[in-house]
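The values are calculated or read from the model by the stated rules, or taken from the named source; none is laboratory data. What you see is a predicted model, and the numbers here were worked out from it, not measured in a lab. Note: ideal-geometry Cβ built from the backbone for every residue, glycine included; neighbour counts use all protein chains shown. With ligands, DNA and RNA removed, areas are computed over all heavy atoms of the protein, side chains included. Shrake-Rupley method; radii C 1.70, N 1.55, O 1.52, S 1.80 Å.
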Amino acid sequence: MKNFHRIMNCIILFIIVFSCKNTTKSESKTISVRQEINRTAKEILGNPDYLAISYGGYRHVDHGIEPTISELKEDMRILAAMGIKILRTYKVHFPHAANVLKAIRELKKEDPDFEMYVMLGAWIDCKNAWTDLEPDHNQESRRNATEIEETVRLANKYPDIVKIIAVGNEAMVKWATSYYVQPGIILKWVNHLQDLKQSGKLSKDLWVTSSDNFASWGGGDGGYHVEDLNKLIAAVDFISIHTYPMHDTHYNPQFWGIPESEKDISDIEKIEAAMLRAKEYAMSQYKGVSNYMKSLGIDKPIHIGETGWATTSNRHYGAEGSKATDEYKEALYYGHMRDWTNAEGISCFYFEGFDEQWKDAANPLGSENHFGLINLRSEAKFALWHLVDKGLFEGLNRNGKPITKTFNGDKEALMKEVLVPPYKHE
């Protein structure tokens, strides 16, 4: 009996030791996996496995109605199903950005494999912006300091999620007449954040930029080529540019009109040729910024902080204007931009994930309300129909509705709304 008990004790001890070793290995493996998916900005930007998108979760005409954490988590799951792993937000003075970060953290706790990162935007504007007083573009709003302070706080609270800070959104381009500032003001805050990185008060792996129109980065009008811009280009970790061929179908339409050489091809070929020109137009603006940067003896990454194509317009871009907006053209542009940027190692924060109706609240058919890839009826627009076909949205809902196709999936009905661009002479 003594021998039997000794043998049993040895067996039990062996089982315990073996179990402990396996548990240790399992825990080590889990820790290893979690560390592996916590990427840096350098690793995710320009990586085609980390698609980027501009995100606003507002669902109501009233911008004061904030999306709930539950609604934000719905959106995060939908975007993740699309292959999106980097979001761009715009401001921190409303609860939206902080709640996005909270929603992502909750999803990561629920599923350690869930992966989503954020380019956190800090809104910057000039003195007297959005008031009845004359904007002073050489002075900044006193609120900018509070905006930067809150951005830093959120970046430190969510270091596993916030990988990039963007100082300002179209804050230097001079057509933003209500609020633009001179480059020196953006430079001041970029240098401030870089100093915080150097002193250990922000992660050294955090990347800092400003997200602005291509011209503001020196890619167009020479009037922007000032010394403070040159210093800013040297100070940021990368350049984030905006390019909008859709807007320029009205404001700078030379590339858009159908040339006489295409008059005998089919309507669908005319549309497809115009959308290829739109892609090339965006590429030329990117190249303009790159050329200016290199003329300064600087070589650093340039990514696309915004580009997009609206699907509806009752003004400049619709039937009475440049005939640019519909779901077919949006799908072509989305595909062209993803193909180009993925191949070239450029991140493209496509604008945007979901339609938002507050942007032009007084005009429901205004183009600003219709840049999303998914509309407010939880319908995937034509650019995403193939993802619906693949079943990637199965089990996912928005506003209690599953993600279905616009036009009930009837392409023939969709194409009836597609307009051919005007001829150049028109």
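Structure above, values below:
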quantity	calculated
Rounded accessible area of Leu332 (nearest 10 Å², 1.4 Å probe)	40 Å²
Unit charges on C-beta of K, R, D, E only; dipole of the chain, Debye	2160 debye
Entries in Lys231/Lys329; Lys42/Lys73; Lys188/Lys294; Lys300/Lys405 that, when Cα-Cα distance is taken, lie over 32 Å	Lys231/Lys329; Lys300/Lys405
The chain - accessible surface per residue (Å², probe 1.4 Å)	47 Å²
Long-range HN-HN contacts of Tyr117 with modeled amide H, under 5 Å	Ile86, Leu87
Relative contact order computed over the stretch 306-413 (Cα-Cα under 8 Å; 6+ residues apart), in percent	24 percent
Residue order for Tyr251, Tyr179 - accessible surface, 1.4 angstrom probe, largest first	Tyr251, Tyr179
Compactness of the stretch 335-420 - radius of gyration and Dmax, Cα, Å	14.4, 40
Rounded FRET efficiency, nearest 0.05, which uses the C-beta distance separating Lys109 from Leu396 and R0 of 22 Å	0.70
Area accessible to solvent at Asp221, 1.4 Å probe radius, in Å²	100 Å²
Those aspartates and glutamates that a straight Cα-Cα span of less than 19 Å connects to Lys416, excepting residues fewer than 8 apart in one chain	Asp267, Glu269, Glu272, Glu320, Asp326, Glu327, Glu330, Glu379
Approximate shape of the chain as ellipsoid semi-axes (Cα gyration tensor, √5λ), whole Å, largest first	42, 29, 21
Contact order relative to length of the stretch 216-330, as percent, for alpha carbon pairs under 8 angstrom and 6 or more apart	37 percent
Label-point gap, in nm, between Asp389 and Asp264 - each point 7 angstrom along Cα→Cβ	3.3 nm
Kyte-Doolittle mean at least -0.5, axial Cα span of 30 Å or more - DSSP H helices of the chain	2-36
The stretch 292-426 - charge dipole about Cα centre, Lys and Arg +1 at Cβ, Asp and Glu -1, debye rounded to 20	80 debye
Label-point separation, Lys42 to His425 (7 Å along Cα→Cβ), nm	5.8 nm
Distance in nm between pseudo-label sites at Glu272 and Tyr251 (7 Å out along the Cβ direction from Cα)	3.1 nm
Note, ³J(HN,Hα) from phi for the stretch 391-399, Karplus 6.51, -1.76, 1.60, rounded to Hz, x at Gly and Pro	x, 6, 9, 4, x, 9, 9, 9, 6
Residue of Lys329, Lys42, Lys416 that the Gaussian network model of the chain assigns the largest fluctuation, springs spanning Cα pairs under 10 Å	Lys416
Most fluctuating residue given options Met337, Met76, Met283, as computed from a GNM of the chain linking Cα atoms under 10 Å	Met283
Lys/Arg +1, Asp/Glu -1 at C-beta; the chain dipole; positive extreme among Thr325, Phe94, Leu229	Phe94
Amide proton proximity set for Gln139, modelled H, under 5 Å, gap of 5+	Lys127
Full-extension gain in nm, His225 to Asp205, via 0.36 nm per residue minus C-alpha separation	4.3 nm
Fully extended contour minus Cα-Cα distance, from Asn156 to Ala343, at 0.36 nm per residue	64.0 nm
Cβ-derived FRET efficiency at R0 25 Å, His60 paired with Leu133, nearest 0.05	0.25
